[in-house]
Each structure stands twice: as structure tokens, then as C-alpha cells.
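The values are calculated or read from the model by the stated rules, or taken from the named source; none is laboratory data. Bear in mind that the values here come from a model prediction, so they are computed numbers and not experimental data. Using ideal geometry, Cβ is built from the backbone for each residue, glycine included, and neighbour counts are taken over all protein chains shown.
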Amino acid sequence: MDLASENINISIIDNGKVVSISFNDVLKYHTGNAWFGLSIAFRALELAENTFKKADLIWNRDQLTIVSAHPGPGVKDVIEYITHCISNQKFSLTEECTDTNSCNSNMRFAWWVSNNTHTAFISLRQNFIPELFNELLDRLGTTNEQGDDQQNFSRLKQDLANKILQQPLLDNFHCDFYRGTIKPEQILTDNLDS
């Protein structure tokens, strides 16, 4: 795995002190192999951090709540390591992914990150994930799996992870920022892709 992760950091306030977290820190914290989800979620939180700071709003672990439309372990590890929202019981999943912890082609890379006053809705742009990714994802572990699927999927995940880490945030993400906080039951998931 050769993820292009140098010089990517997120800073967040924790107990009155600024903590800086690198992508490599998150990579070490994650004990699995869901580094593709890890890469996407890290960049999504980087965009959330930038958005809150640009609006001159506090980016503080104590104030953050996150609703995720993706239940994957890499995504959850990034959210927990950076924000502590899961252990602080300020994390929830959208309704369509509450019964599963595994990834499938119906999952969306979308998050609502709220502090006490504002919410950033961050979503991966629809054209980022190629159709081949979803085809492979749905075939793996089924009777339809083909000989090279595991290797091809692993290579594709690495290529996409490197791409998300190297390209400018707004090339791959969409961000809406608005006043107010969000609760999971307020989220309509019909239109998550931007």
C-alpha cells in the first residue's frame, strides 16, 4: 500500500488544546484494511474543518455531532479518531445503513457534521467512484465472483485512495454549509449524490 498521505493534517480542539492529526496517525489507528473508506472520510473531515474555520466557527470535539450515510469500518475509525463523536455518543447512521456494518454499492459517502450552531453537509461527488468499483464490490464474496476480482478490487481501492489524497478537496467533494444542527430523522436520503 503506497498511499500518498504526506502533509495532510486535521487540527481540532480537545479540552482547550489544539490537536493535530495526520492521515498517517489515522492509518496506524485503523487495524483493518478499509483504507479506501479511511482516505475518503479523512478528506471529508478535512473539508468540514476548513469550512467551519473559514466561517470563523469553533471546530471542537466537545461540540461536534456527525450523521453518516456510510457504515464502513474505515469511515467510522476516522470519525472516532478525529472527532470522538462515536465514543461521545454524538454519532449516528442514516436509516438506510443502520442494519449493516458492511459496504455495498448502495452506501453513500455523505456526512452531516454539526457543531452547536451550524452544519456542513459533505458528499463525495457522484462521478468519483467508477462503475467498475460497484460491480466488483457487489460480486465479491458471492457465486458471481471471478478469479481476479479480489486483486482488481484491491488495486482499484488503492488507486482511488491515492487520487482522493492527492487532488484538491473540492474536485472530489461537494459541501453545503448552513445554520442549524441536524438530527438523523431529519435527513432525506433520496438525493445524497451531488
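Miscellaneous remarks
- Within the span defined as region 116-123, one or more residues are in a loop (DSSP other than H, G, I, E, B) and of a type in the set (S, T, N, Q).
- Checking each residue in region 74-86 for being charged (D, E, K, R) and surrounded by fewer than 22 Cβ atoms within 10 Å (Cβ to Cβ) picks out only GLU80.
- Sole residue being of a type in the set (A, V, I, L, M, F, W, C) and surrounded by fewer than 17 Cβ atoms within 10 Å (Cβ to Cβ), chosen from VAL19, VAL26: VAL19
- Boolean, THR117 is among the β-branched types (Val, Ile, Thr), within 17 Å of ILE182 (Cα to Cα) and either touching a helix residue (DSSP H, G or I) at 6+ places or on another chain (Cβ under 7 Å) or exposed (fewer than 14 other Cβ atoms within 10 Å of the Cβ) (or both): yes
- Residues of region 6-18 that turn out to be part of a loop (DSSP other than H, G, I, E, B) and within 19 Å of GLN166 (Cα to Cα), as a count: 3
- Considering only residues in region 22-37 that are hydrophobic (A, V, I, L, M, F, W, C) and more than 16 Å from PHE153 (Cα to Cα), the one that is modelled with the lowest pLDDT turns out to be LEU27.
- Checking each residue in region 1-21 for being among the polar types (S, T, N, Q) and either modelled with pLDDT of 85 or more or in contact with a helix residue (DSSP H, G or I) (Cβ under 6 Å, 6 or more places away or on another chain) (or both) picks out SER5, ASN9, SER11, ASN15, SER20.
- Scanning region 62-100 for residues that are at positive phi and at pLDDT below 95 yields one hit, GLN89.
- Filter pass, LEU132 being at pLDDT below 95 and either not in a helix (DSSP H, G or I) or not hydroxyl-bearing (Ser, Thr, Tyr) (or both): yes
- Residues considered: LEU124, LEU140. Of these, the only one that is of a type in the set (A, V, I, L, M), within 20 Å of SER68 (Cα to Cα) and surrounded by 12 or more Cβ atoms within 10 Å (Cβ to Cβ) is LEU124.
- Among the residues of region 59-86, the ones that are β-branched (Val, Ile, Thr), under 17 Å from TYR178 (Cβ atoms) and in contact with a helix residue (DSSP H, G or I) (Cβ under 8 Å, 6 or more places away or on another chain) come to 2 in all.
- Qualifying residue in region 42-52 (condition: closer than 20 Å to ALA110 by Cα, surrounded by fewer than 17 Cβ atoms within 10 Å (Cβ to Cβ) and out of contact with any strand residue (DSSP E or B) (no Cβ under 7 Å at 6 or more places or on another chain)): yes
- Residue in region 58-73 that is surrounded by the most Cβ atoms within 10 Å (Cβ to Cβ), counting only those that are of a type in the set (S, T, N, Q) and in contact with a Ser or Thr (Cβ under 8 Å, 6 or more places away or on another chain): SER68
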